[in-house]
Amino acid sequence: MTQGVNEADRPEVLEGDGTDLFSKFDPVIEMRRALLDSGVTDPFNLVMERVLSPTRAICNGRDTILLGTYNYMGMTFDPDVVAAGKQALEDYGSGTTGSRVLNGTYQGHREVEQALCDFYAMDHAMVFSTGYQANLGIISTMAGKGDYIVLDIDSHASIWDGCALGNAEVVPFKHNDIEAMEKRLRRIPEGAGKLVILEGVYSMLGDIAPLKEMIAVAKKHGAMVLVDEAHSMGFIGPNGRGVAEDQGVLDQVDFVIGTFSKSVGTVGGFCVSNHPKFEILRLVCRPYVFTASLPPSVVATAATSIRKLMNGAEKRARLWSNSRTLHAGLRGLGFTLGTEEPQSAIVAVIMPDLERGAAMWEALLREGLYVNLARPPATPANMTLLRCSLCAEHSEEEVQTILGMFERAGKAVGII
Amino acid sequence: MDRAEIDSRIRTLIEPFNKKDVAVTDATTFAGDLEFDSLTVMDFVAAIEDEFDIIISMNQQAEIENYGQLVTAVGTLTQGQA
């Protein structure tokens, strides 16, 4: 059980019948209370007491296989990456204490941006403090009043929040529905600025977008295109540049958004682009200007990791092999999965409901396996999902162990 | 297109989404009375957009809470159309 004293969603004081600003959270507090009263371990309060490798940690005193960390390429303990971080900590100190446009641009920030330009073969790269801020900043700054944003309804929270922070008209369309997207683009008033926002891999079900067709439609209607490739960097596409590269349309993408917190193995976000005026964004993008830049150790680890990912063909092959084995194995056991075929390094196992999903999550944790529990409203169609993300460093043996754990837990909970 | 025609066309469109057969008046709210969740809203809005060949952006949707406001908004958005 949890060791937490003060839990964010279980306030200690619930006295009196007056309402205040927190009353709006009562339904969420109640839903959580009902779930926890059923006796399950809190799925959103797990502590990793020690981290042994990209694929192993000690959770609740138990050696646990990590299958829900997005650490796709296993770079977090790469000796070169760790050494670069230590050296930068020695040479540049623990933090920059400043904005990128004031005192917060060190040599390392320039170097990681150059590494991104080289990785994507693009002219410009802009690094943000998180991936969330990259979407928040780029979207809210680029699409202004009178402009139209056309986006997939299953877009990540950071994309929606970027829309909410800006002043553009926001027009969603049904997930991966090319015709629905086309209709909306066609109806936009003549002369209005248009930005189409897509993702390479959608992280909830692990499915990919038909970018080739969608980008062709967007370009036909004169829209600029932004593609979030957070869940594809490093292992999808001939050079690991993502789904757009894999489908041969990366040159049609105006802006690629990405993150350092998945394949790269640290934290930070970025946008790369060939737009000739791109650099002006550094002065006008508020989530870039009004926050401190990443610590020197973080940008040094990121730059080293990105350069190693350029030569990651062998790791990529292992990751795909793991993804295919897990997908086929879980299907064989009788689980319902988010995609018919493995399309990415995410395998989403669809649970019948939140209660059994939480029970299954806990049963797996007791087996020594960590996966993500995803539940409404973060999920499409109000599904409860056990989201598995594979790592190139999972051994073939570990994948078989994982399948055994799923089989025992699934039978114990009555899902298979 | 006059208000009565818009009203009648939206009434037809709303039927499959009105699972509890709530009697729809101008004051009927989507979130409260009809209990539309976000997925239902998306499908319902898409149906109206296709019917009238218009865009109702999220920004505009935020201002529409009840049925009467929707009919008015569609009327405004279709003005000037052939």
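If the condition is being in contact (Cβ under 8 Å) with a residue 60 or more places away in the chain, within 14 Å of another protein chain (Cβ to nearest Cβ) and small (Gly, Ala, Ser), then segment A:362-388 contributes only A:ALA378.
Considering only segment A:137-149, how many residues are surrounded by fewer than 22 Cβ atoms within 10 Å (Cβ to Cβ) and either facing chain B (nearest Cβ under 10 Å) or on the phi > 0 side of the Ramachandran plot (or both)? Lay out the reasoning, then the answer.
In the first step, residues of segment A:137-149 are kept if they are surrounded by fewer than 22 Cβ atoms within 10 Å (Cβ to Cβ); the result is A:140-141, A:144-147.
Now restrict to residues that are either facing chain B (nearest Cβ under 10 Å) or on the phi > 0 side of the Ramachandran plot (or both): A:146.
Number satisfying all stated conditions: 1.
The conditions of being within 14 Å of chain A (Cβ to nearest Cβ) and within 9 Å of the chain's Cα centre (by Cα) are met by B:ALA73. Can you find even one residue in segment A:276-287 that is assigned to a loop (DSSP other than H, G, I, E, B), in contact with a Gly (Cβ under 8 Å, 6 or more places away or on another chain) and over 30 Å from A:ASN176 (Cβ atoms)? No, there is no match, as no residue in segment A:276-287 is assigned to a loop (DSSP other than H, G, I, E, B), in contact with a Gly (Cβ under 8 Å, 6 or more places away or on another chain) and over 30 Å from A:ASN176 (Cβ atoms). Can you name the residue in segment A:176-202 that is assigned to a strand (DSSP E or B) and farther than 10 Å from A:VAL150 by Cβ and is also nearest to the other protein chains (Cβ to nearest Cβ) among such residues? Per the criteria, the residue is A:TYR202.
Scanning segment A:150-170 for residues that are part of a loop (DSSP other than H, G, I, E, B), over 23 Å from A:VAL347 (Cβ atoms) and more than 10 Å from chain B (Cβ to nearest Cβ) returns a single hit, A:GLY166.
A:PHE173 passes every criterion in (1) surrounded by fewer than 21 Cβ atoms within 10 Å (Cβ to Cβ); (2) within 14 Å of chain B (Cβ to nearest Cβ) apart from (1). Of all residues in segment B:47-61, those that are facing chain A (nearest Cβ under 8 Å) have Cβ atoms under 9 Å from Cβ atoms of residues that are surrounded by fewer than 18 Cβ atoms within 10 Å (Cβ to Cβ) and among the hydroxyl-bearing types (Ser, Thr, Tyr), 6 or more apart or on another chain, in B:ASP53/B:THR78; B:ILE54/B:THR78. In summary, A:LEU102 fulfils each of the numbered conditions (1) aliphatic (A, V, I, L, M); (2) touching a helix residue (DSSP H, G or I) at 6+ places or on another chain (Cβ under 6 Å); (3) without any contact (Cβ under 8 Å) to a residue 24 or more places away in the chain with the single exception of condition (2). The residues listed here are A:VAL264, A:VAL253; of these, the one that is assigned by TED's automatic domain parsing to the domain that holds A:GLN133 and either touching a strand residue (DSSP E or B) at 6+ places or on another chain (Cβ under 7 Å) or at pLDDT below 95 (or both) is A:VAL253.
Residues that are touching a residue at least 24 places away in the same chain (Cβ under 8 Å), outside the structural domain of A:GLY268 (by TED's automatic domain parsing) and not in a helix (DSSP H, G or I) do not occur anywhere in segment A:316-324. Condition test on B:GLY75, is it farther than 17 Å from A:VAL170 by Cβ, crowded, with 16+ Cβ neighbours inside 10 Å and not acidic (Asp, Glu)? Considered against the rule, which asks whether it is farther than 17 Å from A:VAL170 by Cβ, crowded, with 16+ Cβ neighbours inside 10 Å and not acidic (Asp, Glu), B:GLY75 comes out as yes.
The values are calculated or read from the model by the stated rules, or taken from the named source; none is laboratory data. Since the model is a prediction, treat every value here as computed from it, not as a measurement. Heads up, the Cβs are rebuilt from the backbone with ideal geometry, glycines too, and the neighbour counts pull from every protein chain shown.
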